[in-house]
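S.K.: Structure in structure tokens, see below.
The values are calculated or read from the model by the stated rules, or taken from the named source; none is laboratory data. On a predicted model such as this, the values are computed, not experimentally measured, just so you know. Using ideal geometry, Cβ is built from the backbone for each residue, glycine included, and neighbour counts are taken over all protein chains shown. Ligands, DNA and RNA are stripped out before the accessible areas are found, and what is left, the full protein with its side chains, is counted by its heavy atoms. Shrake-Rupley method; radii C 1.70, N 1.55, O 1.52, S 1.80 Å.
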Amino acid sequence: MKKFIIDGGVRLHGEVKVSGSKNSCLPIMAATLLAPGKHLIHGVPKLGDIHTMMQILRVTGASVDWYKGAEESRLKDHTLIIDTSEVNNSEIPYEIVSKMRASFLVTGALLGRLGSAHVARPGGCAIGHRPIDEHLYGFKMLGAQLEEKHGYIHAKGNSLVGTEIHLNEQSVTATENILLASVTARGKTHIINGAKEPHIIELINFLNSIGTEIELENDIIMINGRSSLDQLHPSEYEISADYIEAGTLMIAAVITNGDITLIRARWEDLTALITKLQEIGATLEKTNNGIRVKKNNVSKPCSIKTSPYPGFPTDLQPQLTSLLSIANGTSVVTETMFEQRFNHIPELVRMGAQIEVDGRSAVINGVQSLSGAQVMASDIRGGAALVLAGLSAKGKTEISRIYHIERGYEGLEVKLRGLGANIKKV
Ligand code: EPU
């Protein structure tokens, strides 16, 4: 099994280009099902979760390939060519859905395209029990008939009708799934209390590029339904930078007292993290093509509470916990989204961190430095937190089960090496 081995203590410096956003790509790949034809999606990160979504699209009858040739300069190494002309299968088996919860995103798109979707119910995962009641509520409100049998959700609806949908939870994938289903619903759909993460905005932009009419006004997502698929057409689209990868690399700069510039990172996506990093003592500046982060003093403690965008992202909580574990004082991290998102903490404690978990909060008493140890990744972001801890620790850190990290970060060790880190994959 592959591992990362890190010799900590090197200050990172230099420039790094942020990859395209995984959590934008996944719903956009599902959205291509709505418009029959050949889509070109640029800037797609080559990651485990993207390969799973490619597999799902192929199951529906789409053809999906990375662009490999060189004859057209606008087509690059990270361009996906998705041809959805022949899509005809609406059953997505458990073997695929069990690999990645976001597989369930194709439900809304298949309902829109084929009038039915038969998708295995996603189970829990390493970060907790993750319900889908909000997704199902939205489909039902649009007029879909739902049945659950043998672990599958069967959704049918040839003539969905737009309506007002009030979500109880600002769920990212529920908002995306409902958006996808409502594109072909007759009349207007309003999603109230939907999520507004940068990847939701990006999905809206992509959908509008295939011919939908969607606006975000006063925090309400308004969809003017298209009565026929003929009104939609394939698109060529460039995915923007992954703000969670950018945030992870920003924390890497701070935890190593380094100085790095993240090319393509967008300031407006990351204000919650930027404010906290400034409080901790880092200097951040907007450059003409990204964000520069530097720090050369002891970190100050701070407290955070995760919440939907524009609040502090749960996907950056584990990484910030690593940083706070070497701050000069006591910090409190409160996780409100996922009940098991402290899986990295026992591993950080093995590296010398002093952290007590009390329900949904972790109280961190900063230590002067962490020490390298053998640790294990158990989810994407918790795994990234261990990499950051290893970069700052004294001595050697060995991280196993890095397949979790590789589901969400493309070439993390290559990027870190380019910034001077002593990290290798063995
Ligand atoms: N929730 C419900 N009912 C639902 C759906 C969600 O109660 O039907 C609750 C959840 O229990 C949770 C909260 O709503 O407390 C937010 O969960 P959400 O549904 O927003 O999570 P998700 O859509 O399954 C996406 C990202 C996650 C990210 C969360 C929160 C994708 C593909 N996944 O998941 O990303 O942590 O939003 O921002 O976009 C990751 O990239 O590592 C990752 C886990």
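S.K.: Test residue 316 against the criterion of being closer than 22 Å to residue 397 by Cβ, outside any loop (DSSP other than H, G, I, E, B) and away from the ligand (no atom under 11 Å from the Cβ), and give yes or no.
M.R.: Numbers: closer than 22 Å to residue 397 by Cβ: yes; outside any loop (DSSP other than H, G, I, E, B): yes; away from the ligand (no atom under 11 Å from the Cβ): no.
No.
S.K.: Ok, one more. Given the options 289, 297, name the one that is within 20 Å of residue 202 (Cα to Cα), away from the ligand (no atom under 16 Å from the Cβ) and in the same structural domain as residue 388 (by TED's automatic domain parsing).
M.R.: Details: 297 fails: within 20 Å of residue 202 (Cα to Cα).
Every option except 289 fails the conditions.
S.K.: Still on this model: When you scan segment 134-184, how many residues do you find that are of a type in the set (A, V, I, L, M, F, W, C) and away from the ligand (no atom under 16 Å from the Cβ)? Spell out how you get there, then give the answer.
M.R.: Within segment 134-184, the subset of a type in the set (A, V, I, L, M, F, W, C) is 136, 139, 141-142, 144, 146, 153, 155, 160-161, 165, 167, 172, 174, 178-181, 183.
Checking the rest, the ones that are also away from the ligand (no atom under 16 Å from the Cβ) come to 160-161, 183.
Matching residues across segment 134-184 total 3.
S.K.: While we're here: Look through segment 154-174, keep the residues that are touching a Lys or Arg at 6+ places or on another chain (Cβ under 8 Å) and crowded, with 23+ Cβ neighbours inside 10 Å, and return whichever of them is nearest to residue 336 (Cα to Cα). Show your work before the answer.
M.R.: Of all residues in segment 154-174, those touching a Lys or Arg at 6+ places or on another chain (Cβ under 8 Å) come to 159-162, 170, 173.
Then drop every residue that is not crowded, with 23+ Cβ neighbours inside 10 Å, which leaves 160, 173.
On the way: 160: 34, 173: 17 Å.
Of everything passing the filter in segment 154-174, 173 is nearest to residue 336 (Cα to Cα).
S.K.: Related question: What is the residue count in segment 402-419 for residues that are in a loop (DSSP other than H, G, I, E, B), surrounded by fewer than 16 Cβ atoms within 10 Å (Cβ to Cβ) and in contact with a Gly (Cβ under 7 Å, 6 or more places away or on another chain)?
M.R.: Restricting attention to segment 402-419, the residues satisfying the condition of being in a loop (DSSP other than H, G, I, E, B) are 402, 407-411, 419.
Filter once more, keeping what is surrounded by fewer than 16 Cβ atoms within 10 Å (Cβ to Cβ): 411.
Then keep just the ones that are in contact with a Gly (Cβ under 7 Å, 6 or more places away or on another chain); that gives none.
The number of residues fulfilling the criteria is 0.
S.K.: Determine which member of the set 85, 116 is away from the ligand (no atom under 11 Å from the Cβ), open to solvent by 40 Å² or more (accessible area, probe 1.4 Å) and touching a strand residue (DSSP E or B) at 6+ places or on another chain (Cβ under 8 Å). Reasoning before the result, please.
M.R.: On the way: 116 fails: open to solvent by 40 Å² or more (accessible area, probe 1.4 Å).
After applying the criteria, what remains is 85.
S.K.: Any idea which of (1) open to solvent by less than 50 Å² (accessible area, probe 1.4 Å); (2) at pLDDT 95 or above; (3) in contact with a Pro (Cβ under 6 Å, 6 or more places away or on another chain) is the one residue 97 doesn't satisfy?
M.R.: (2)
S.K.: List the strands (runs of 3 or more DSSP E) inside segment 322-397, counting only whole elements, that have at least 2 residues being crowded, with 19+ Cβ neighbours inside 10 Å. Give the derivation first.
M.R.: Values: elements: 330-334, 354-358, 361-365, 374-376.
Ranges flagged: 330-334, 361-365, 374-376.
S.K.: So, in segment 282-294, exactly how many residues are surrounded by 15 or more Cβ atoms within 10 Å (Cβ to Cβ) and either of a type in the set (Val, Ile, Thr) or touching a Ser or Thr at 6+ places or on another chain (Cβ under 7 Å) (or both)? Quick ask: steps written out before the conclusion?
M.R.: Our first condition is that a residue be surrounded by 15 or more Cβ atoms within 10 Å (Cβ to Cβ); within segment 282-294, this holds for 282, 284, 290-294.
So of that shortlist, the ones also either of a type in the set (Val, Ile, Thr) or touching a Ser or Thr at 6+ places or on another chain (Cβ under 7 Å) (or both) come out as 290-294.
Here the count works out to 5.
S.K.: When both residues are 6+ apart or on different chains and their Cβ atoms are under 6 Å apart, which pairs have a first residue that lies in segment 286-312 and is assigned to a strand (DSSP E or B), and a second that is within 16 Å of the ligand (Cβ to nearest atom) and of a type outside the set (Val, Ile, Thr)?
M.R.: Within 6 Å, the pairs are 304/312; 306/312; 306/317; 306/335; 306/337; 312/272.
S.K.: Are any residues in segment 223-260 open to solvent by 20 Å² or more (accessible area, probe 1.4 Å), under 27 Å from residue 315 (Cβ atoms) and part of a strand (DSSP E or B), and if so, which ones?
M.R.: 237, 238, 259, listed by residue number.
S.K.: Within segment 128-137, is even one residue touching a residue at least 12 places away in the same chain (Cβ under 8 Å), open to solvent by 60 Å² or more (accessible area, probe 1.4 Å) and over 25 Å from the mean Cα position of the chain (by Cα)?
M.R.: We begin by selecting, within segment 128-137, every residue touching a residue at least 12 places away in the same chain (Cβ under 8 Å); these are 128-130, 132, 134-137.
Pick out the ones that are also open to solvent by 60 Å² or more (accessible area, probe 1.4 Å) and you get 129-130, 137.
Subsequent filtering for residues that are over 25 Å from the mean Cα position of the chain (by Cα) retains none.
No; the residues of segment 128-137 include none that is touching a residue at least 12 places away in the same chain (Cβ under 8 Å), open to solvent by 60 Å² or more (accessible area, probe 1.4 Å) and over 25 Å from the mean Cα position of the chain (by Cα).
S.K.: If residue 396 satisfies all but one of (1) under 25 Å from the mean Cα position of the chain (by Cα); (2) over 30 Å from residue 78 (Cα atoms), what's the number of the condition it fails?
M.R.: For residue 396, the exception is condition (1).
S.K.: Now a separate question. Return the pair list, or none, for Cβ contacts closer than 6 Å from residues in segment 318-338 that are in the same structural domain as residue 302 (by TED's automatic domain parsing) and more than 18 Å from residue 381 (Cα to Cα) to residues that are open to solvent by less than 10 Å² (accessible area, probe 1.4 Å) and not small (Gly, Ala, Ser), at least 6 apart or on different chains.
M.R.: That search, which allows pairs on different chains as well, returns 331/302; 331/324; 331/364.
S.K.: Among the candidates 20, 48, 43, which residue alone is more than 16 Å from the ligand (Cβ to nearest atom), of a type outside the set (Phe, Trp, Tyr) and either in contact (Cβ under 8 Å) with a residue 40 or more places away in the chain or out of contact with any Ser or Thr (no Cβ under 7 Å at 6 or more places or on another chain) (or both)? Please lay out each step first, then the result.
M.R.: Working: 20 fails: more than 16 Å from the ligand (Cβ to nearest atom); 48 fails: more than 16 Å from the ligand (Cβ to nearest atom).
Being more than 16 Å from the ligand (Cβ to nearest atom), of a type outside the set (Phe, Trp, Tyr) and either in contact (Cβ under 8 Å) with a residue 40 or more places away in the chain or out of contact with any Ser or Thr (no Cβ under 7 Å at 6 or more places or on another chain) (or both) holds for just one of 20, 48, 43, which is 43.
S.K.: Also: Against the conditions (1) more than 15 Å from the ligand (Cβ to nearest atom); (2) touching a Lys or Arg at 6+ places or on another chain (Cβ under 9 Å), where does residue 101 fall short? Just the number, please.
M.R.: Against the list (1) more than 15 Å from the ligand (Cβ to nearest atom); (2) touching a Lys or Arg at 6+ places or on another chain (Cβ under 9 Å), residue 101 comes up short only on (1).
S.K.: Where the second residue is open to solvent by less than 30 Å² (accessible area, probe 1.4 Å) and polar (S, T, N, Q) and the first is more than 14 Å from residue 4 (Cβ to Cβ) and lies in segment 405-420, which pairs have Cβ atoms under 9 Å and are six or more apart or on separate chains?
M.R.: Between residues of segment 405-420 that are more than 14 Å from residue 4 (Cβ to Cβ) and residues that are open to solvent by less than 30 Å² (accessible area, probe 1.4 Å) and polar (S, T, N, Q), the close pairs are 407/52; 410/19; 419/256; 420/256.
S.K.: Then there's this: Could you check how many residues of segment 202-221 are closer than 22 Å to residue 170 by Cβ and buried (at least 17 other Cβ atoms within 10 Å of the Cβ)?
M.R.: Qualifying residue count for the region: 8.
S.K.: Answer yes or no as to whether residue 279 is open to solvent by 20 Å² or more (accessible area, probe 1.4 Å), acidic (Asp, Glu) and within 29 Å of residue 410 (Cβ to Cβ). Don't jump to the end; show me each part of the working.
M.R.: Numbers: open to solvent by 20 Å² or more (accessible area, probe 1.4 Å): yes; acidic (Asp, Glu): yes; within 29 Å of residue 410 (Cβ to Cβ): no.
No; evaluated as a whole, the condition is false for this residue.
S.K.: Just give me the residues in segment 312-321 being open to solvent by 10 Å² or more (accessible area, probe 1.4 Å) and either touching a Lys or Arg at 6+ places or on another chain (Cβ under 6 Å) or of a type in the set (Ser, Thr, Tyr) (or both), in sequence order.
M.R.: Correct list: 314, 315.
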